[in-house]
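Note sheet for the following structure.
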Amino acid sequence: MIKPYAPKKAWLASALVFTFLLTTITSVNAREVKDTAPKTNTLSLFDAVTMALKNDPWLSGNQYQQRAVEAMSIVAGELPDPQFSIGIANLATDTFDFGQEPMTQLKVGVSQMFPRGDTRALKQQQLTLLGSQFPHQRQARQLRVTETVAKLWFDAYKAKQSIALIERDRALFEQLVDVALASYSSAMGKTRQQDIIRAQLELTRLDDRLIALLQDYEANQQMLSRWLSDNSSGQYTSAHLPSVNLLSPIAGQMPAIGLIHPSLYTQDNAISLNVLAEYFHGHPDIQAIQQKIRASMTGIEVEKQKYKPEWGVNTSYAYRDDDALGKSRADFFSIGLTLDIPLFTENRQDKQVESAVATTEAIKTDKILLLRQLMASFATAKTQLDRLDQRQHLYRSQLLPQMVEQAEASLTAYTNDDGDFAEVVRARIAQLNANIDALAIDVERQKTIIGLNALFATNSQQIVSSTHKGKIK
């Protein structure tokens, strides 16, 4: 069959389009697309974490709780308030005359109780120990907030960069449609109508992926607004966020988070549990539980004081009026001592001490469980990091370059009437998916490092420490 004559202008147009496509494909193979937006009105990872820590109302509430416990520790060290009494004793009921009977008296008394043994000092010590756990709780909260906000920021970063990759490749697909239309209209190649429909269908699918990624991006914005809003405003909507373009990374550069204790990830042999336990003993959650254990052990001593007597002193002064003849009557002064002696201790004091001991052992169990959880989290994250490193190396050294070669070869074959248009489209889709997958691996690797750092960090700065020189307060 004789092919229709192809006009020279149509052939030149197709050649120009092919040249443009080939140049663009070879130049667009990076996984990370630079952000062309201005560097102003952007939110970096460092800024997001700083704002979240500054506006976290939980930290303020925890400080108030510490103040309450510290105030109660002062109260616990004080003696009970003395009790004052006043009354009339032995008043004659026939006349109610205060001076009729010699035993009638106006009596004023005061009594003071003294707690058992060293109860006051021990209770004060116990509350002081309980109060000392709150700084560790705030430190642990800051680590968790930093980890959460950083991971949300990276999720939004991945969505933003994926959008940029798809938008960049969408222009290439539009050019593929132009190539197919030019080839089909000139009837100079193997292009068929279904190839044009296929290219247009892929454009529609890219638009759908863009909408889905935009949905993810906006969802992460809303989740971050919970952490970045100023709690003093009483509202937690994006209207109260700083005047920044949320989650727009500065210059589109992914922060390179460094590992805390990198030697733990380079050892060939398995890390012993004792070594890990030494690292985790400095974790703020462990330190907080340790303070609770100390306070609970002091509580055992408090309960043991109940075996000792509680005693009190009471004094009174009784005034008597003169008799009927005007003769003065002597006033009375009284003093006494009261003792509360625990004699039947089997079902009271013994059980109270037993309860305090059991409570302490339960808290020790919580510490063991937390150590196990930290060790398991480390082992899981370390394994994930190892596999992500392997995948990242595979993508960078082999898969991505091969994808570029495949896309170039399929396009070259098609323009030389030696390939199928569908193969060109598949190659371009495969390259786009590989770039997005590589970006996802890079982001997931950074999130895994953040999770590992949160296990060993003593402050928020260590979790997201990267190339920036700022300090998170």
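The values are calculated or read from the model by the stated rules, or taken from the named source; none is laboratory data. None of these values were measured; they are calculated from a predicted model. Here the Cβ positions follow ideal geometry from the backbone for every residue, glycine too, while neighbour counts run over all protein chains shown. Accessible surface is based on the protein model in full, side chains and every heavy atom, while ligands, DNA and RNA are left aside. Shrake-Rupley method; radii C 1.70, N 1.55, O 1.52, S 1.80 Å.
Can you pull the accessible area of Thr315 for me, 1.4 Å probe, Å² to the nearest 10?
Approximately 40 Å² of Thr315 is accessible to the 1.4 Å probe.
Rounded, prolate or oblate for the stretch 277-372? Axes are the square roots of the Cα gyration tensor eigenvalues, ordered a ≥ b ≥ c, and the cut-off for rounded is a/c under 1.5. Let's see the in-between values first.
Details: a/c = 7.86, a/b = 3.43, b/c = 2.30.
Here the stretch 277-372 falls in the prolate category.
For Asn416 paired with Ala219, estimate the spin-label separation in nm (one decimal), with each label point 7 Å from Cα along the Cα-to-Cβ line.
The answer from the label model is 4.6 nm.
As an exercise, use a Förster radius of 56 Å and the Cβ-Cβ distance of Ile271 and Asp178 to find the FRET efficiency, rounded to the nearest 0.05.
According to the calculation, E is roughly 0.45.
How far is it, in nm, from the label point at Asp322 to the one at Gln398 when both lie 7 Å from their Cα along the line to the Cβ?
Label-label distance for Asp322 and Gln398, simple model: 12.0 nm.
Sort all Cα-Cα distances of the stretch 67-125 into consecutive 10 angstrom bins from zero, then give the percent of pairs in each bin up to the one containing the longest distance.
19, 27, 18, 15, 15, 7
Per residue, how much space in cubic angstrom lies within the convex hull of the C-alpha atoms of the stretch 334-420?
Per-residue hull volume (Cα only) is 217 Å³.
Which of the pairs Lys304/Lys364; Lys158/Lys382; Lys308/Lys351; Lys123/Lys364; Lys54/Lys364; Lys123/Lys308 have their Cα atoms more than 27 Å apart in this structure? List each step's numbers first, then the result.
On the way: Lys304/Lys364 20 Å; Lys158/Lys382 22 Å; Lys308/Lys351 15 Å; Lys123/Lys364 20 Å; Lys54/Lys364 33 Å; Lys123/Lys308 15 Å.
Lys54/Lys364, as the Cα separations exceed 27 Å there.
On alpha-carbon atoms, Rg over Rh for the stretch 315-473 using Kirkwood Rh? Please list the in-between numbers first.
Details: Rg = 40.7 Å, Rh = 24.7 Å.
Rg/Rh: 1.65.
Between Asp118 and Trp311, 0.36 nm times their residue separation minus their Cα-Cα distance comes to what?
Going from the current span to full extension adds 68.2 nm.
When the solvent-accessible surface of protein heavy atoms is calculated with a 1.4 angstrom probe, in what order do Lys151, Lys308 fall, highest first?
Largest accessible area first, the list is Lys308, Lys151.
Determine which residues of the stretch 141-176 fall in the zone a paramagnetic label at Asp208 would reach in this model, i.e. backbone nitrogen under 18 Å from the point 7 Å along Cα→Cβ.
163, 166-167, 170, 173-174
Send over the semi-axes of the stretch 86-182's equivalent ellipsoid, whole angstrom and largest first, taken as the square roots of 5 times the C-alpha gyration tensor eigenvalues.
Equivalent-ellipsoid dimensions as semi-axes: 91, 21, 6 Å.
Computed over the Cα atoms of the stretch 296-341, what is the convex hull's projected area averaged over all directions, in nm²?
4.5
Kindly state, to the nearest 0.05, the FRET efficiency for Ser111 paired with Thr458, given R0 = 56 Å and r defined as their beta-carbon distance.
E(calc), rounded to 0.05, equals 0.60.
Could you name the aspartates and glutamates in cross-link range of Lys447, using Cα to Cα under 18 Å and dropping any fewer than eight places away on the same chain?
Those aspartates and glutamates meeting the cut-off are Glu32, Asp47, Glu147, Asp155, Asp216, Asp386, Asp389, Asp437.
Could you calculate the contour length gain from Phe84 to Arg329, that is, 0.36 nm times the residue separation minus the distance between their Cα atoms, to one decimal place in nm?
On the way: separation 245, 0.36 × 245 = 88.20 nm, distance 2.46 nm.
The Phe84-Arg329 span can extend by a further 85.7 nm.
Accessible surface of Met72 in the full protein assembly, 1.4 angstrom probe, to the nearest 10 Å²?
100
Quick query: amide H of Ile88 versus all other amide H atoms, modeled in the peptide plane; which residues come in under 5 Å with a sequence gap of 5 or more or a different chain?
Lys107
In nm, what is the difference between 0.36 nm times the number of residues separating Thr93 and Gln65 and their Cα-Cα distance?
Details: separation 28, 0.36 × 28 = 10.08 nm, distance 5.67 nm.
Result: 4.4 nm gained on full extension.
Please report, for the Cα atoms of the stretch 383-449, the Rg to one decimal and the Dmax as a whole number; what are they, in angstrom?
Calculated on Cα positions, Rg and Dmax stand at 14.9, 49 Å.
With r defined as the distance between the Cβ atoms of Lys351 and Leu259 and R0 fixed at 45 Å, what FRET efficiency is calculated, to the nearest 0.05?
Working: r = 51 Å, r/R0 = 1.13.
Result of the calculation: an efficiency of 0.30.
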